1. Go over the candidates 79, 84 one by one and state the one that is part of a helix (DSSP H, G or I) and crowded, with 23+ Cβ neighbours inside 10 Å.
2. With under 26 Å from residue 161 (Cβ atoms), free of Cβ contacts under 8 Å to residues at least 40 places away in the same chain and touching a strand residue (DSSP E or B) at 6+ places or on another chain (Cβ under 7 Å) as the only criterion, which of 28, 118, 41, 85 stands out?
3. Here's a check for you: in the range 168-185, which residue that is under 16 Å from residue 205 (Cα atoms) and surrounded by fewer than 24 Cβ atoms within 10 Å (Cβ to Cβ) is farthest from the chain's Cα centre (by Cα)?
4. Would you say residue 381 is modelled with pLDDT under 80, in the same structural domain as residue 428 (by TED's automatic domain parsing) and more than 27 Å from residue 97 (Cα to Cα)?
5. Of the residues in the range 113-142, how many are assigned to a helix (DSSP H, G or I) and surrounded by 23 or more Cβ atoms within 10 Å (Cβ to Cβ)?
6. Against the definition (at pLDDT below 90 and either buried (at least 17 other Cβ atoms within 10 Å of the Cβ) or touching a helix residue (DSSP H, G or I) at 6+ places or on another chain (Cβ under 8 Å) (or both)), how does residue 18 come out, yes or no?
7. From the set of residues in the range 88-106 that are free of Cβ contacts under 8 Å to residues at least 12 places away in the same chain and either part of a loop (DSSP other than H, G, I, E, B) or touching a helix residue (DSSP H, G or I) at 6+ places or on another chain (Cβ under 7 Å) (or both), which is farthest from residue 151 (Cα to Cα)?
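The values are calculated or read from the model by the stated rules, or taken from the named source; none is laboratory data. Remember, predicted model here, so these are calculated numbers, not experimental data. Glycine also receives a Cβ, built like all others from the backbone with ideal geometry; neighbour counts cover every protein chain displayed.
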């Protein structure tokens, strides 16, 4: 999607635009946001007070016309819309742009748009591409990549491949939250791969896609294709929007990708990319699917959480960090992290309640093997950032029962995978032989026992 800031964008205007004030369903068009090959996106607001309080006041309308197209073209658009609706219905997540509803536009006054499919989606402030063009603050770069990785990890765990990851399809909320968008090419996996139309953005295609055979169902797509695109995005974020593959055009850069994939050219990255991110990007850009497949979105997310400098938090919510709490301990284990700093001072409390650990990841709720990737982190200090050096060695899993001693109502805000947010923490006892006590965020349990507030010294 190419963003526009008014009529006359570089892609040219569509033959028929919806004017400001046009009513589509219960939504009133405000302005044009951008134009893509198959769709046009508008900002819109809710008309009157329809829809109830759960409906947002401002949205984005993705309008996908079908009038006047050849049957095969129209079918492709319908299939694309169906993929977006199906993915939005089944895999909602804070790191994916939300789908609110879909409908068919009735516009007899505009024949070229009559019968168009309309997707009503969350409204974002801008795209990562726009931020790259404007100049990105250095402190935000790691957080944004981590958010992208969170979205990919959820997609892949849910059995989907994005298949068109690029800065234009990474949207940023007014609060700085990161959300993946534009799932028109998203592919549901059947086993190890799925099938997608032979489409995509050339600059983000892995080497194997350039010569992939086209079958009756399309071309094979696997999660490693998203990992390749992530590597390109990482390089762009730290290298002022430039690709690691040289060339004046996408086709020329594609030729460089193929040379690299065939072992005829090395990977050359900009020196502006810091060492940690350079290593991460190099693994994402492994030249073959087989070499790349070992670097899953989950494992990359683990490395990011374990290897980044202390995070910077702004405001009440830690930048939509939905999975840090889930992964903190597992990542410490895989990175060989140890405790650092002073442990909380012991305070004698009489146990007053029990808490059952809750993991919002549904796949982890059904496991009985205590897989490390499903373990949850317990903090040393609930008022400090939830990073590997602030996590006790003991791990807990969904369904574990912990003895709670007291609660801290105003600790660091934590957000879970279902976008539930809380500043409340519980001080819990750990099994004999481990750390004397630790802290469980309230979003990691459904229990709310009547506990007293902890003395100030207990959280220091």
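1. Answer to the selection: 84.
2. The unique qualifying residue is 85.
3. This residue is 185.
4. no
5. The qualifying residues number 1.
6. In short, yes.
7. 106
Yes or no, residue by residue, for (1) buried (at least 20 other Cβ atoms within 10 Å of the Cβ); (2) assigned by TED's automatic domain parsing to the domain that holds residue 211; (3) at pLDDT 50 or above; (4) outside any loop (DSSP other than H, G, I, E, B):
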residue	(1), (2), (3), (4)
295	yes, yes, yes, no
302	yes, yes, yes, yes
312	no, no, no, no
326	yes, no, no, yes
329	yes, no, no, yes
368	no, no, yes, no
386	yes, no, yes, no
